[in-house]
Structure formats: C-alpha cells, structure tokens
Amino acid sequence: MIRAKKEDIPKLVALLTASFEDNKSANFAVKNKKSLPGLFKYSIAKGFLFGDVWMNDDRTVCAILLDPKKKKPGIQSVLLDLQLIFKVVGLSRIKKVLKKEDITEQTLPQNVDYIHLWFLGVIPKLQGNGIGTSFLQELIEHYKASKEAMCLETSTLVNIPFYEKQGFSRYATKYFGFEFFFYIKQF
C-alpha cells in the first residue's frame, strides 16, 4: 500500500471513474456521466486536504479516506466546493445534493474517532479476485493504531456482503431515490 501523490491523480481519476460508472450515489451527485471524472478530481483533492489517498503497489486499487477531525473549512476547500457546484453538480441539482450531504454528515457517528472510507475503487476487470479485500484489510490494519473505527456508505447491493465479511455492521439506512447504507467497523 502506497500513499498516492499528485502525479497519480490522472490514474486515480480513471480508476475511480471506471469503478463507479454505474454507482447510484456517485451518479446522484453529478449532472451527467461525463461529469464523473470531475467528481473524482474533487474527491481526490479533498482526500489530500483532509485525509489520505492510497493505492496498492500495482495501482489497480485505490481509496480515499477522510478524517473528520481534519475537516476545517478554508479557502482551498471553499474553492474546490465552488468548482464542484459549477462544473460537476450544476446549479439545478445543488439543493438536492446538499440535502443528501447534510443527511450523510448527520448520520455519520458523532462520538466516535473514526476514519471515513469515502471511496474504494478496483479496476472493474479485476473485481472479484480478492485484491479489494486484501487492500481493505491493509487499510484497516493501518488505521487500527490511530482510530476507534472505520465508517463507510454504499448504495451498491453487491458490495454489502463484501463489507460485512470484513466485519462492518450496518447502523443506518437512508433513502434518496435509492437505498444508502451506512456501515461501521469498530477496532
């Protein structure tokens, strides 16, 4: 597992865009599928600012994790948010997307020191071969030393058994025109 660098951004964007092409939650946030790469450029930038961006050694799996304790609004963050609104979400969708983000923030644990697994992507042709599992296990081991838990959300039903096999438990479900499942793994 390696910490991603700025020069990895094009590879990260391509990997996440391919992994989340049909993801209900990711597509809910964008005005159209052509905007997905913009969503991931934004998400990677937020990961560099407020958490970590990791890849496996082969650069076939990546993850963006956010640390809620590091989320401090600043000019760079505000500029990223404005770019997201105008280039990716669109003004007509902003109210809907902000409502979803607000509900998500309220649903994430309030009294637990956790790391938020925001995105985990595997190159689609390699999914189901165990590389996502071993990568997630590495992430869990890494954060065990400094956090109480790892949290995530998923709207992809086939991912639920994957996360549950790794010891994640569902603690909430929200509905945004699709079910959005909230999971936590206590360390």
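Specify the residue that is surrounded by the most Cβ atoms within 10 Å (Cβ to Cβ); the eligible residues are those in segment 156-170 that are β-branched (Val, Ile, Thr) and either touching a Leu at 6+ places or on another chain (Cβ under 7 Å) or in a loop (DSSP other than H, G, I, E, B) (or both).
Pass one, segment 156-170, residues β-branched (Val, Ile, Thr): 156, 158, 160.
From what's left, either touching a Leu at 6+ places or on another chain (Cβ under 7 Å) or in a loop (DSSP other than H, G, I, E, B) (or both): 156, 158.
Values: 156: 16, 158: 9.
Checked segment 156-170; the qualifying residue surrounded by the most Cβ atoms within 10 Å (Cβ to Cβ) is 156.
Taken over segment 24-37, the criterion of being modelled with pLDDT under 95 and either open to solvent by less than 20 Å² (accessible area, probe 1.4 Å) or in a helix (DSSP H, G or I) (or both) is satisfied by 24, 25, 26, 27, 28, 29, 30, 33, 34, 35, 36.
Does residue 51 count as under 19 Å from residue 139 (Cα atoms), open to solvent by less than 100 Å² (accessible area, probe 1.4 Å) and among the small types (Gly, Ala, Ser)? Reasoning before the result, please.
Numbers: under 19 Å from residue 139 (Cα atoms): yes; open to solvent by less than 100 Å² (accessible area, probe 1.4 Å): yes; among the small types (Gly, Ala, Ser): yes.
Judged against the criteria, residue 51 is a match.
Residue-wise test of (1) acidic (Asp, Glu); (2) open to solvent by less than 50 Å² (accessible area, probe 1.4 Å); (3) more than 20 Å from residue 21 (Cβ to Cβ).
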residue: 122; (1), (2), (3): no, yes, no
residue: 137; (1), (2), (3): no, no, yes
residue: 143; (1), (2), (3): no, yes, yes
residue: 153; (1), (2), (3): yes, yes, no
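With a cut-off of at least 2 residues that are in contact with a helix residue (DSSP H, G or I) (Cβ under 6 Å, 6 or more places away or on another chain) and modelled with pLDDT of 95 or more, name the strands (runs of 3 or more DSSP E) lying wholly within segment 54-155.
On the way: elements: 61-66, 114-122, 149-154.
It comes to 61-66, 114-122.
Listed by first and then second residue, the pairs linking a residue in segment 75-99 that is on the phi > 0 side of the Ramachandran plot and in contact (Cβ under 8 Å) with a residue 24 or more places away in the chain to a residue that is surrounded by 14 or more Cβ atoms within 10 Å (Cβ to Cβ) and not small (Gly, Ala, Ser), with Cβ atoms under 8 Å apart and 6 or more places separating them unless they lie on different chains, are 90/31.
Residues of segment 106-119 that are without any contact (Cβ under 8 Å) to a residue 60 or more places away in the chain and either in contact with a strand residue (DSSP E or B) (Cβ under 6 Å, 6 or more places away or on another chain) or closer than 23 Å to residue 16 by Cα (or both): 117 alone. Inspect all residues belonging to segment 54-75 and state whether any of them is of a type in the set (Asp, Glu) and more than 23 Å from residue 151 (Cα to Cα). Yes: one or more hits.
Does at least one position in segment 176-185 carry a residue that is hydroxyl-bearing (Ser, Thr, Tyr), open to solvent by less than 40 Å² (accessible area, probe 1.4 Å) and not in a strand (DSSP E or B)? The answer is no, given that none of the residues of segment 176-185 is hydroxyl-bearing (Ser, Thr, Tyr), open to solvent by less than 40 Å² (accessible area, probe 1.4 Å) and not in a strand (DSSP E or B).
Being under 22 Å from residue 54 (Cβ atoms), over 14 Å from the mean Cα position of the chain (by Cα) and at pLDDT below 90 is the filter here, so list the residues in segment 1-23 that pass it. Answer for segment 1-23, where residues must be under 22 Å from residue 54 (Cβ atoms), over 14 Å from the mean Cα position of the chain (by Cα) and at pLDDT below 90: there is none.
If you filter segment 75-89 down to residues that are open to solvent by 40 Å² or more (accessible area, probe 1.4 Å) and of a type in the set (S, T, N, Q), you find that the one that is nearest to residue 30 (Cα to Cα) is 83. Whenever a residue of segment 1-28 is acidic (Asp, Glu), its partners that are open to solvent by less than 20 Å² (accessible area, probe 1.4 Å) and assigned to a helix (DSSP H, G or I), lying with C-beta atoms within less than 9 angstrom and at least six residues away or across chains, give the pairs 8/44; 21/36. Entry remark, segment 156-179: residues being free of Cβ contacts under 8 Å to residues at least 24 places away in the same chain and touching a helix residue (DSSP H, G or I) at 6+ places or on another chain (Cβ under 7 Å) number 0 in total.
The values are calculated or read from the model by the stated rules, or taken from the named source; none is laboratory data. Predicted model, so just to flag it, every value in this text is computed and none were measured. Cβ atoms come from the backbone with ideal geometry, glycine included; neighbour counts cover every protein chain shown. Protein only, heavy atoms only, side chains kept; ligands, DNA and RNA dropped before computing areas. Shrake-Rupley method; radii C 1.70, N 1.55, O 1.52, S 1.80 Å.
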